[in-house]
């Protein structure tokens, strides 16, 4: 019970959603919730987008990194190449598996987080800040409308986890 209250109060203090209350148990010391940040858009393939001005920053969600486990290598594209909505732009290798990273929007890649080649674990420790992957100049900003908001993404994750 104390763990449940701690997780809920921590989530409220950080303004994040408790993605899976069903997994909370007084005997569980594993990670109890995934951070879902207001102001971001989410793809059902577990990438996030933060659109500011003419640039969109993209990375994988806290939920995704939690399921992947410890990230040990990141393969990212070159600046100047194109990203296409729903298509792979790179890969993340963890101790468990290698997974493609799909772009939630289309556009020209204008920056790559080169720090991830030296510190891929930033994806685990800070998926929304230090662990961002690419910055894109969107070619079709209306694609953002097809993505999920924080509440919809949280519900999607809860349903996906319950199905597995």
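Work out how much length residue 88 to residue 159 would gain on full extension: take 0.36 nm times their residue separation and subtract the Cα-Cα distance, in nm to one decimal.
Details: separation 71, 0.36 × 71 = 25.56 nm, distance 2.41 nm.
Between residue 88 and residue 159, full extension yields 23.2 nm more.
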**OP:** Please report, to two decimal places, log10 I(q)/I(0) for region 38-163 at q = 0.10, 0.18, 0.19, 0.21 Å⁻¹ as given by the Debye formula with identical point scatterers on the Cα atoms and no solvent.
**Re:** -0.27, -0.91, -1.02, -1.24
Original post:
Mean projection of the alpha-carbon convex hull of region 39-82 over all orientations, in nm²?
Top reply: 4.1 nm²
Original post:
Simple spin-label model, 7 Å along Cα-to-Cβ: residue 72 to residue 119 in nm?
Top reply: 2.1 nm
Subject >> Likely footprinting exposure, 55, 36, 92, fewest C-beta neighbours within 10 Å first >> reply: 55, 92, 36
Original post:
Using a simple spin-label model with points 7 Å from Cα along the Cα→Cβ vector, what separation in nm is obtained for residue 145 and residue 126?
Top reply: 3.5 nm
**OP:** Show me 56-69, 116-129 ranked by packing, highest mean number of other Cβ atoms within 10 Å first.
**Re:** 56-69, 116-129
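Since every read-out is calculated from the coordinates, none of them should be taken as a lab result. Not measured: the values here are computed from a predicted model. Quick reminder, even Gly has a Cβ in these numbers, built from the backbone with ideal geometry, and neighbours come from all protein chains shown.
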